[in-house]
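The values are calculated or read from the model by the stated rules, or taken from the named source; none is laboratory data. Quantities reported herein were computed from a predicted structural model and do not represent experimental measurements. Positions of Cβ are backbone-derived with ideal geometry, glycine not excepted, and every protein chain shown enters the neighbour counts. Just the protein is used for accessible areas: all its heavy atoms, side chains included, with ligands, DNA and RNA removed. Shrake-Rupley method; radii C 1.70, N 1.55, O 1.52, S 1.80 Å.
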Amino acid sequence: MSNASTNNNKVNVPEARAALEQFKYEVANEIGVPLKKGYNGDLTSAQNGYVGGYMVKKMIEAQEKMMAEKK
């Protein structure tokens, strides 16, 4: 296994890339993580993980709400 850092995060729907990027900054702002465009090497892995985890939580909540409304 290589030690080279690679980014395997792929957006499955390319048209959603901008919306996901905007959502990331909204979530970071909401939870108080000073995420900025460009280099964010000054953030801890915990801060970055919290942003991603909270994004997933909010997306799951939104999907659950949509599914409940369809019943």
Can you send over the carbon and sulfur percentage of the accessible area for the chain, probe radius 1.4 Å, protein chains only? 55
Whole-Hz Karplus couplings 3J(HN,Hα) for the range 22-29, θ = phi - 60° and coefficients 6.51, -1.76, 1.60, Gly and Pro as x, run 5, 4, 4, 5, 5, 5, 4, 4
Given N residues in the chain, what is its alpha carbon radius of gyration divided by 2.2 N^0.38 Å? 1.32
Which chymotrypsin sites (Phe, Trp or Tyr not before Pro) from the chain combine a DSSP loop assignment with at most 14 other Cβ atoms within 10 Å? Y39
Lys pairs in the chain with Cα under 24 Å (8 or more apart in sequence, or on separate chains) total 19
Which residues qualify? For N40, with a placed amide H closer than 5 Å and at least 5 residues away or on another chain, they are none
What distance in nm separates the simple spin-label points at V13 and K57, each placed 7 Å from Cα in the Cβ direction? 2.4
